[in-house]
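Working notes, structure below.
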Amino acid sequence: NAIKAPMPGLILEISVIVGQTVKENDSLLILEAMKMENSFLSPRDGIIKSISVLLGDAVDKGQLLIEFE
């Protein structure tokens, strides 16, 4: 029910808002790490419960990014 950062990086884009319904494989956010952009896709259909980061935030490995209901 949660998306966590697999590596340290910088949040470049957030494509969803709290309360939004998403389908499997919808784009959620983009994390830049080691000069590469990593897109995070929804692992399942669901509703966004919380977004724990802001645009431009630096994140650590294992940090909570998005939580589903």
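Partner lysines whose Cα lies under 22 Å from the Cα of Lys61, excluding those fewer than 8 positions away in the same chain, are identified as Lys4, Lys35, Lys49. Across the chain the C-alpha pair distances fall into 5 Å bins from zero in the proportions 4, 19, 32, 25, 14, 4, 0 percent. Only protein heavy atoms count here; on that basis, with a 1.4 Å probe, Glu37 has an accessible area of about 130 Å². Taking R0 as 30 Å, what's the FRET efficiency between Lys35 and Leu64 from their Cβ-Cβ distance, rounded to 0.05? The value I calculate is 0.80.
Take every Cα pair under 8 Å in the chain that's 6+ residues apart, average their separations, divide by the length, and report that relative contact order as a whole percent.
On the way: 163 pairs, mean separation 30.4, N = 69.
Relative CO of the chain lands at 44 percent.
The values are calculated or read from the model by the stated rules, or taken from the named source; none is laboratory data. In this text, all values refer to a predicted model and were calculated from it rather than measured experimentally. Heads up, the Cβs are rebuilt from the backbone with ideal geometry, glycines too, and the neighbour counts pull from every protein chain shown. Only protein heavy atoms, including side chains, enter the accessible area calculation; ligands, DNA and RNA are left aside. Shrake-Rupley method; radii C 1.70, N 1.55, O 1.52, S 1.80 Å.
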